[in-house]
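Here's the structure we're looking at; comments come further down.
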Ligand SMILES: [Zn+2]
């Protein structure tokens, strides 16, 4: 059924088939090719749908390691592009063909015409159909190409064309202006200049920054609810990431919980979305627990999310995940004690007695726990999409530490040892940002800080402002009082 429909659709809409009659044999071969293509696509789609359903089923059973992060991953899908008219399938006629005498123009000049691109049209052919001479039409398009490629025009695309009598050829029409709204945000305008040439420019629709609110009650997943309620995917990803310091997305979210997000939306005067700005506020209601975050930009230009008390949602990672230890080797180039040559040391070594407990530097999920070559017994904790920490040469792991297990900051995960390539008992500690080791003492992010003084006072005013705007405002609405 699906295949038949697909084939039918193509037969109707394809300009290649619609325009001119095809020899029966060629046509049936073409239909067969479309059918095969349709079948392959259909089968692929079915496989995809089945695999998605299958994955979902797996999530509900187990797969503790991946779910929260898969959720994060999925939250980072790109925003769907604005609808663009489909390109006209017919190629532009060759200049030779265009040189043939154009049909006599029935247009009474001067004229202001509203045109629409039909299948097989090119801008060149449209202009010549209206009586514009080949050379002038060609010249006008050359100028237009500086700002817009007329081949991008799609069937149904509307335009305004102004024509007048040509000064030097009474048979021809002359372009005085051409305007094409190629998207709700962009108009291409071609105008005649005093020296009988043309100028072309791209006119952007004026954009206003507004504030929108979206959210709903979670029934399927947080991600799905967010998308269904109209939160833009890229912003939802940001919200999920910001909340990931406080929320265990696999365990904490239950049916009936709620999400509420306030964000900036750029739009034209016709209310067409032109893009999105920042998330200003997000709230997650988990049973009787409320997690609310507000965006704040510090005077030195760092932006981040804070709770209503002005505490950063980013929890600082412990810089020393062990008690009573001293640094024996810092991050950077060093002469390797065993290899005898200079080598990059991508972590910090803490000298400590064998058996000293090692703490998780932050809340997270055990990503790895097992022997790992020269690292010996190695543990890696993934804290969120961006940050992870790793602990090497451990003697043994704490009880219950396995991949997929959730740990809290300060929880004992392993004990100092000298396994792998090691000269004596020590902890080799790494902070990884997007999978790359960074110097913990040089990490640039502002984490775990609390606003104070004048900054806290101004933040509290921002919070009050948003809370006031949200009171009694319906869920899905424009918050005019927060707009600029
Ligand atoms: Zn080391």
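Bear in mind these aren't lab numbers, they're just calculated from the coordinates by the rules spelled out. The shown structure was predicted, so the numbers you read here are calculated from the model rather than taken from an experiment. When we count neighbours, we look across all protein chains shown, and the Cβ atoms used for this are built from the backbone with ideal geometry, even at glycine.
With the Cα gyration tensor of region 129-249 giving a ≥ b ≥ c as the square roots of its eigenvalues, does the rule (a/c under 1.5 for rounded; else a/b larger than b/c for prolate; else oblate) give rounded, prolate or oblate? Note, shape of region 129-249 comes out prolate. Using a Förster radius of 30 Å, what is the FRET efficiency between residue 316 and residue 288 based on their Cβ-Cβ separation? Nearest 0.05, please. With R0 = 30 Å, the Cβ-Cβ based efficiency is 0.65.
Just to be sure I follow: if Rg is taken over the C-alpha atoms of region 312-376 and Rh is the Kirkwood radius over the same atoms, what is Rg/Rh? Reported Rg/Rh, Kirkwood definition of Rh: 1.00. Once a ≥ b ≥ c are taken as the square roots of the eigenvalues of the Cα gyration tensor of region 273-359, is the result rounded (a/c under 1.5), prolate (a/b larger than b/c) or oblate (a/b not larger than b/c)? Judged from the Cα gyration tensor, region 273-359 comes out prolate (a/c at least 1.5, a/b above b/c).
Exposure proxy shown here: for 413, 143, 366, the number of other Cβ atoms within 10 Å sets the order, fewest to most, as 143, 366, 413.
Rounded, prolate or oblate: which one fits region 107-168, using the alpha carbon gyration tensor with axes a ≥ b ≥ c (rounded when a/c is under 1.5, else prolate when a/b beats b/c, else oblate)? Oblate, because a/c is 1.5 or more while a/b does not exceed b/c. With each label modelled as a point 7 angstrom along the Cα→C-beta vector, the residue 399-residue 457 pair spans 5.3 nm. For the pair region 174-234 / region 338-364, the C-alpha centres are spaced 52 Å from each other. A straight chain from residue 269 to residue 114 at 0.36 nm per residue would run longer than the Cα-Cα distance by 53.5 nm. What the Cβ-Cβ distance of residue 278 and residue 158 gives, at R0 = 45 Å and to the nearest 0.05, is a FRET efficiency of 0.85. Full extension of the segment from residue 207 to residue 374, taken as 0.36 nm per residue of separation minus the current Cα-Cα distance, would add 54.5 nm.
For region 326-442, a Kirkwood hydrodynamic radius built from all Cα pairs, placed in the Stokes-Einstein relation at 4 °C and 1.567 mPa s, yields a translational diffusion coefficient of 92 µm²/s. FRET efficiency for the pair residue 248 and residue 449, taken as 1/(1 + (r/R0)^6) with r the Cβ-Cβ distance and R0 = 25 Å, rounds to 0.60.
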